[in-house]
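The values are calculated or read from the model by the stated rules, or taken from the named source; none is laboratory data. Here the structure is a predicted model, which is why all the values come from computation and not from measurement. Here the Cβ is made from the backbone with ideal geometry for all residues, glycine too, and neighbour counts use every protein chain on show.
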């Protein structure tokens, strides 16, 4: 009976992980074909195609594979299988899948993820049931990592525009987007007509876009709802980097502006207003979007009906950039953001529970939360983090502490 888990659970979990990886990596992505064409195989970083985001996701994706394989196979065979798997995936993407960009970066990060999974499998008990001294070290490291992520997010969500030549576009036909079939009647950016073509003074427009207050306005006659995002107004630069975009799709309106997270090759933030008024074909809609005092806003008015929402720039947006499924920030996204920050702090709370007998977990966990959501956000010049992020972070850490105290009981001796 003792060998049963090793004999059956390991292969079963491996099958589940392999199917999940195949589903994530071996499907065509036509919408990404243009970006894939600009990706150089030998480029590691920076590459201009969300390279850091892809690298992080590749590592995270292959950690479970290395872990579950190591549960039932020797270390050397596990490492070899991880390498063969990544070569198989990248080769298939290169030869047969539209919109997938195989690269040396992917090969290295996939392999690194598999090796980290092997390490986790071999060190699992030392991490799950550490000594008090080791738990204190792990808790300190986890809290420092959480604080670093939040501080980086606070800085990264601010607008960041490159010193390049800009091109404005009205209802552009761009390969990565659908075509907007409505009619654009008029448009303005910061009170002047929205550019259509090469911008003669890109530095002046850049200064406007980086100002404390920015308003982009458009009056349109709605057409049929496009199947995917379709740009009404957009600004790209000479390197085909998106600077700003106002879009419609079948689910609503979206607005995006370039931030520091895109500069380091994470994904950008797109705020989304679902089911806006005047979305029926033939309706005249007045749209306003932009930022003011650290908040993004999006407003649509048709007749006497107005719908508007505001989103305070949030350090948790750095987590949404890594979401492989939903990349838009909606009015309800605060729930996901709070949950994400809580899950990130959960390991720290778990190791705090192993490190001490005292019931001081709240005080200990308040330190990184206060530094990250309080001080770091203010120093970065964005609004103080919403109460939901404070509550979600602390609850995640306390959940980890409860699990540790429930499962582990009193801390183990400090001798390693």
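Remarks
- Within the range 259-283, the set of residues being part of a loop (DSSP other than H, G, I, E, B) and either within 20 Å of residue 188 (Cα to Cα) or touching a strand residue (DSSP E or B) at 6+ places or on another chain (Cβ under 8 Å) (or both) comprises 268, 269, 275, 276, 277, 278, 279, 282, 283.
- Only one entry in 256, 190 is without any contact (Cβ under 8 Å) to a residue 24 or more places away in the chain and in contact with a strand residue (DSSP E or B) (Cβ under 7 Å, 6 or more places away or on another chain), namely 256.
- Meets criteria (assigned by TED's automatic domain parsing to the domain that holds residue 288, out of contact with any helix residue (DSSP H, G or I) (no Cβ under 6 Å at 6 or more places or on another chain) and closer than 17 Å to residue 270 by Cβ) for residue 179: no
- The range 284-304, residues that are exposed (fewer than 15 other Cβ atoms within 10 Å of the Cβ) and in a loop (DSSP other than H, G, I, E, B): 293, 303, 304
- Taking the conditions (1) over 23 Å from the mean Cα position of the chain (by Cα); (2) over 16 Å from residue 147 (Cβ atoms) in turn, residue 395 satisfies each one other than (1).
- The condition (being over 23 Å from residue 320 (Cβ atoms), assigned to a helix (DSSP H, G or I), at pLDDT below 90 and within 22 Å of the chain's Cα centre (by Cα)) is satisfied by just one residue among 33, 22, 102: 33.
- Taken together, the residues in the range 305-328 that are free of Cβ contacts under 8 Å to residues at least 40 places away in the same chain and either in a loop (DSSP other than H, G, I, E, B) or over 21 Å from residue 390 (Cα atoms) (or both) amount to 8.
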